[in-house]
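Take a look at the structure below.
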Amino acid sequence: MAKRAYNFNAGPAALPLEVLEQAQAEFVDYKGIGMSIMEISHRSKEYEQINDETQELLKELLGVPAGYKTLFLQGGASTQFSMIPLNLLTPGRTAGYVATGSWANKAIKEAKLIGEVAIAASTEADGYRRMPKPSEIHVDDNWAYLHITSNETIGGVQFHEYPDTGKVPLIADMSSDILCRPIDVSKFSLIYAGAQKNLGPSGVTVVLAREELLAESPKNVPTMLRYDTHAKANSLYNTPPAYSVYMVNLVLKWIKAKGGVAAIEQYNREKTDLIYQAIDNSGGFYKGLVDRDSRSIMNITFAIEDEALEKQFLKEAQEAGFIGLKGHREVGHMRASTYNAVPRESCAALAEFMADFQRRNG
Ligand code: PMP
């Protein structure tokens, strides 16, 4: 069997070994056609089948009610920071944004280039150590939408209770936690996610939205940045990132085979408990960087107070085969990303390493 690293990368991140092996098996000859999926037209029946089936699988796994459409776009989640206001924040209107850390702030910066932005809540004063409670989020009935970041990949905070926005469409960046747990999709008007954490490789961005939001974009929005272009063309307006969509298809089938999103959540909780317990049982040797009730089950951020010892930890962890534990340059310290495809064994090994490192240095 392949020797696999303990991969805690933040994104691009670990993919399921079974998925990589299936992709490998189909790499030079996809289902007997004598070509790979990268070598055929996106208008072929083989690709159209992948395009349709992947949309259906996503809807099935998330329990999406009728009236939603899935798009496969390019430009990363970062392009959605612009596409959302370009399409939905029409002149004279205001959009609400919840400021919860680095990614929310990037979305806010882009929206401000396009229209009026109101900050519905901000945890900046708390150093982005927590997510706001729904009761702290002020929503104005006239807003074009409210935008939240479901999981702050850099800070390691995650919404565990989403705000109720009434008639105001709720939009969520779920780039780093889509499919990590069941959600009530009917609360959301638009969900988007770059694929390279829980969905597959980079190159495709998934947008799942109520059909009416995608039906008609403002007149002056460029063709490629219009939701209606891609919705009408079933994500085949131009050449799609076919290989990435194919990989997403395999990842979704893998989730289904694991028992679906509820089973994945259970698994994720078991995995992250191992590491959070290593922090909580360390008597303060390891310190979590966020409040307990906002802890992410996707990105675990922690520190060792003594800077030299922290450096030593990262050095030894790397030597022991743990990849990607260095925190993002904006916050420093440590971060273990425990996306769906990170196996429990990696988390158990990290918890064990942490305990051992503390025994030797505590
Ligand atoms: N939002 C969140 C929450 C993210 O984690 C990221 C990427 N790490 C992005 C947006 C930007 O995604 P992309 O690199 O696909 O543009």
task: With springs only between Cα atoms under 10 Å apart, run a GNM on the chain and tell me which of Ser78, Ser36, Ser294 wobbles the most.
output: Ser36
statement: The summed charge of the Ser135 Cβ neighbourhood (under 13 Å; Lys/Arg +1, Asp/Glu -1) stands at -2
task: Enumerate the calculated ³J(HN,Hα) couplings along segment 304-316 in order (Karplus 6.51 cos²θ - 1.76 cosθ + 1.60, θ = phi - 60°), each rounded to whole Hz, writing x wherever the residue is Gly or Pro.
output: 10, 4, 6, 4, 5, 5, 5, 4, 4, 4, 5, 5, 5
- request: May I ask you to sort Val204, Val98, Val139 by Cβ crowding, counting other Cβ atoms within 10 Å and putting the fewest first?
  value: Val139, Val98, Val204
statement: Whole-Hz Karplus couplings 3J(HN,Hα) for segment 112-127, θ = phi - 60° and coefficients 6.51, -1.76, 1.60, Gly and Pro as x, run 5, 6, 10, x, 7, 10, 10, 8, 6, 5, 9, 10, 4, 4, 9, x
statement: If one builds a Gaussian network model of the chain from Cα atoms under 10 Å apart, the most fluctuating residue listed among Lys253, Lys315, Lys271 is Lys315
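Nearest 5 percent is fine: what portion of the DSSP beta bridges confined to the chain is antiparallel?
55
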- prompt: Amide H to amide H, which residues 5 or more places from Tyr68 or on other chains are under 5 Å from it, using H placed in the peptide plane?
  reply: Glu211
- line: Going residue by residue through segment 59-68, the Karplus relation 6.51 cos²θ - 1.76 cosθ + 1.60 with θ = phi - 60° gives ³J(HN,Hα) values, rounded to whole Hz and with x marking Gly or Pro, of 5, 5, 5, 8, x, 6, x, 4, x, 10
- prompt: Using a Gaussian network for the chain with springs between C-alpha atoms less than 10 Å apart, which of these wobbles most: Ile183, Ile40, Ile50?
  reply: Ile40
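Net charge near Ser122: determine it from the other residues with C-beta under 15 Å of the C-beta of Ser122, scoring Lys and Arg +1 and Asp and Glu -1. Each step should come with its number before you reach the end.
Values: positive: Lys106, Lys109, Lys112, Arg129, Arg130, Lys133; negative: Glu124, Asp126, Glu136, Glu152.
My count for the surroundings of Ser122 gives +2.
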- prompt: Cα to Cα, under 22 Å, and not fewer than 8 places away if on the same chain: which lysines meet these conditions relative to Lys232?
  reply: Lys45, Lys59, Lys69, Lys219
- request: Please report how far the C-alpha centroid of segment 139-162 lies from that of segment 228-285, rounded to the nearest whole angstrom.
  value: 19
- line: Residues other than Tyr339 with Cβ under 13 Å of its Cβ, Lys/Arg counted +1 and Asp/Glu -1, net out at +3
field: Estimated [θ] at 222 nm from DSSP helical runs (n ≥ 4, -39500 (n - 2.57)) normalised by residues in the chain, nearest 500
entry: -11500 deg cm²/dmol
message: If you average the C-alpha positions of segment 305-358 and of segment 175-201 separately, how far apart do those two centres end up, in angstrom?
response: 25
message: Could you give the length gained by full extension between Arg344 and Ser82, i.e. 0.36 nm per residue of separation minus their alpha carbon distance, to one decimal place?
response: 90.7 nm
- line: Fewest to most Cβ atoms within 10 Å: Trp103, Trp254 sort as Trp254, Trp103
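Laboratory data are not the source of any read-out in this text; all were calculated from the coordinates shown. Since we're looking at a predicted model, the values are computed, not measured. In this analysis, Cβ positions are derived from the backbone assuming ideal geometry, glycine residues included, and neighbour counts consider all displayed protein chains.
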